[in-house]
Structure formats: C-alpha cells, structure tokens
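So the structure is just underneath, and the comments pick up after that.
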Amino acid sequence: MTHVASGTKAHPAPPVKGRFAPSPTGRMHAGNIFSALLAWLIAKSQGGSIVLRIEDLDKERSKPHFIDAVQRDFETLGLFWDEGPYYQHDRDEAYAEAFDSLAKRGLIYPCFCTRADLHAASAPHHGEKLVYPGSCRALGPDEQARRAARRAPAQRLVVPDEDIEFTDAIQGAYRQNLATECGDFLVRRSDGAFAYQLAVVVDDAAQGITSVVRGVDLLCSTPQQMHLQNLLGFDHPAYAHVPLIVSAHDRRLSKRDHDAAIDALLARFGSPEAVIGHIAGTTGIAQTCDPATPEELLEGFDMRALPERLRDLEQIRWR
Ligand code: GLU
C-alpha cells in the first residue's frame, strides 16, 4: 500500500502555519539561518504565520542559555514568529497520550539492543540511517521480563511493509519503504524520553503546522513521521527540505564551524541585513548578495518558483 500526501481532503485548506523548531544546543549558524529564512518566506508568501517551538527534548544536550540566545538570534535577523515559544519539555503528557494509543493497538514493543548491537546487526543504509533488523520484535513476555530486570528497554513502533511517498516542494518526489529502508523505529528512549519522531508529529499536529521546512538531513525521517500521522489520525503538513550548507570539506556546517556561526557572520558582514543578503544570494533565494531584510526578500519571493538551483540539490558550499 502506498500513502501519498496531497491536498485531497474535502475540507477547506487551513491557514498556512510554518515553524521554527530549533534545538537549543548551540547558537545559530549559516545552515540554520538559511532553513529558518526559507521557512519564514514560504509561510509568509502564502499569507501564513510562524510558530516558534523550542525542541529541548534532549535534556542532556539542551542548554538553558541557548534557549534565550537562539531567540535573540532570530530576532536580530528579523525572523520574527507569530506564536509561541512552545517548549517540548512541557509536552510529556501529550506525547504519552499518543504513545499509549499506539501501545494499546499492540504496535509498540520493548527493545533491549545496545548501540553496539545495532551497529553490528546492520550496515548503515542511506547515509547515516540504520535499518533496525527487528531483533527484539518477537521476544515473548517471559524473555522481555527477564531482560527488563537487567536493562531498561527503549520502545519501538512496528512498521508495515509499506511505501510512503510524497512530493517535497524542493527535493521533488520521495519514496521510502518503511520495512526495508527504515525498520521498526524508536518512539521512546531507554531513559524514558519520548523520541524525536513521535514528539515532532504530536507537536506539529497540536500546533496546527501545515508547512514543515527543514534541512534535507531530515528528509529520510519524513516517511516515519507521515506513518505516525496516519496512525494517529493527523493531517500531513506540506514538506520542503532545504539543501545543507557544507564547509570546504563537504562536511555539513555545524556548531564547530566558527566562521559560519552567527557572531562571526555579524562581524564579517557588518549587519543582520548583510548576513541575510549573503545567505539569500549564495543559496539562490535572491539574485544578488545585497543586504536585505526578510521582509524585503518576501517581495520578490514566489514559492512556486523556488529557485531551480535548489531543486535536487543536497548541498550548497559555504563561502
Ligand atoms: N530540532 C531540529 C533541529 O534543530 C529540527 C527538527 C524538525 O524540523 O523537524 O535540527
């Protein structure tokens, strides 16, 4: 069976709502700025609004000072949001409700595999994605209890042998078979934290998100999220996965690339408008690298004509 995300539902389309969904694990860099700028332009060009959601699900990696810093970074750049911030740390009850509804249907099972087991069991497919081979799927209740006495399990969702396909506004048609290209995936970690895939689906639905714009590194997560939306009775948002900006060595920009971090960009270009203009120009959103505010870029922005340069492009070299 194939699920296709399309606007085929009979009810009128809800207003467009996009989101900024930063993980507060560092300040912004050119890649996050590019992605947020496109999220903002795509929503605003359709008369829509933006929600700010702080994705602080990972309590170890999220740092309180980055929660403030990242909001200041958005504001400095003129990337204002209309609603929020919402925090994932407030949302455990909602995640638990979704988790329980899946568990009641027998779709969840405990997994005792260690990271080492997982790496030994399957070669990475599709970049970094590991296909879970289902090692813990068939454990009986006695074996589960015996293992649980020694080690707290994570929880996985059983996936069907089903293709999920959709059309991404930037990357075009994308299809993934859940069983062979993904495998049963985590919905709760062994430390009790709900997994990103579950949290993001519950939040996107609760916050009325209709437009998800994010880095192409999350493209391969989208079928998992669409499958969860199907199971939980949520509509699919429209997706646009933006190319990653990579450093000189084809590595994706990260918080370690200090020359692409926001403070370095402000120092190098002299103003927030010059930073936005440079990123817009080098990524093909704008014709030139001239300084511009997001509002100014909106005037010439047409989502249907997303620059040809972005299509089928996985990465853009930072310069
Ligand atoms: N919080 C994620 C990040 O900062 C984004 C997740 C998403 O957009 O779904 O990379």
In this structure, does Q207 turn out to be at pLDDT 95 or above and more than 23 Å from V70 (Cα to Cα)?
no
If you scan segment 203-232, which residues turn out to be within 18 Å of E93 (Cβ to Cβ), open to solvent by less than 10 Å² (accessible area, probe 1.4 Å) and more than 10 Å from the ligand (Cβ to nearest atom)?
L228
What about R105, is it out of contact with any strand residue (DSSP E or B) (no Cβ under 6 Å at 6 or more places or on another chain), at pLDDT 95 or above and open to solvent by 50 Å² or more (accessible area, probe 1.4 Å)?
yes
For D184, indicate whether it is charged (D, E, K, R) and modelled with pLDDT of 95 or more.
yes
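Is it the case, given these coordinates, that I67 is more than 30 Å from L139 (Cβ to Cβ) and of a type in the set (V, I, T)?
Considered against the rule, which asks whether it is more than 30 Å from L139 (Cβ to Cβ) and of a type in the set (V, I, T), I67 comes out as yes.
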For segment 128-178, which positions are of a type in the set (A, V, I, L, M, F, W, C) and more than 30 Å from L310 (Cα to Cα)?
C136, A138, L139, A145, A148, A149, A152, A154, L157, V158, V159
Of (1) crowded, with 22+ Cβ neighbours inside 10 Å; (2) without any contact (Cβ under 8 Å) to a residue 24 or more places away in the chain; (3) among the basic types (K, R), R188 satisfies every one except (2)
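What do you reckon, is Q171 under 17 Å from H241 (Cα atoms), open to solvent by less than 40 Å² (accessible area, probe 1.4 Å) and at pLDDT below 95?
yes
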Considering only residues of segment 108-119 that are out of contact with any Ser or Thr (no Cβ under 7 Å at 6 or more places or on another chain) and open to solvent by less than 50 Å² (accessible area, probe 1.4 Å), which is modelled with the lowest pLDDT?
L118
Checked against (1) within 14 Å of the ligand (Cβ to nearest atom); (2) modelled with pLDDT of 95 or more, D58 satisfies every condition except (2)
Unmet criterion (only one of (1) in contact with a Ser or Thr (Cβ under 8 Å, 6 or more places away or on another chain); (2) within 30 Å of G172 (Cα to Cα)) for K63
(2)
Suppose the filter is away from the ligand (no atom under 16 Å from the Cβ) and either at pLDDT 95 or above or in contact with a Pro (Cβ under 6 Å, 6 or more places away or on another chain) (or both); does S271 pass it?
yes
Looking at this structure, is T76 within 13 Å of the ligand (Cβ to nearest atom), in contact (Cβ under 8 Å) with a residue 40 or more places away in the chain and more than 30 Å from V159 (Cα to Cα)?
no
Helices (runs of 4 or more DSSP H) within segment 70-169 that include 2 or more residues small (G, A, S) and closer than 18 Å to Q225 by Cα:
92-104
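The values are calculated or read from the model by the stated rules, or taken from the named source; none is laboratory data. Bear in mind that the values here come from a model prediction, so they are computed numbers and not experimental data. Here the Cβ is made from the backbone with ideal geometry for all residues, glycine too, and neighbour counts use every protein chain on show. Heads up: the accessible areas ignore ligands, DNA and RNA and are worked out on the full protein's heavy atoms, side chains in. Shrake-Rupley method; radii C 1.70, N 1.55, O 1.52, S 1.80 Å.
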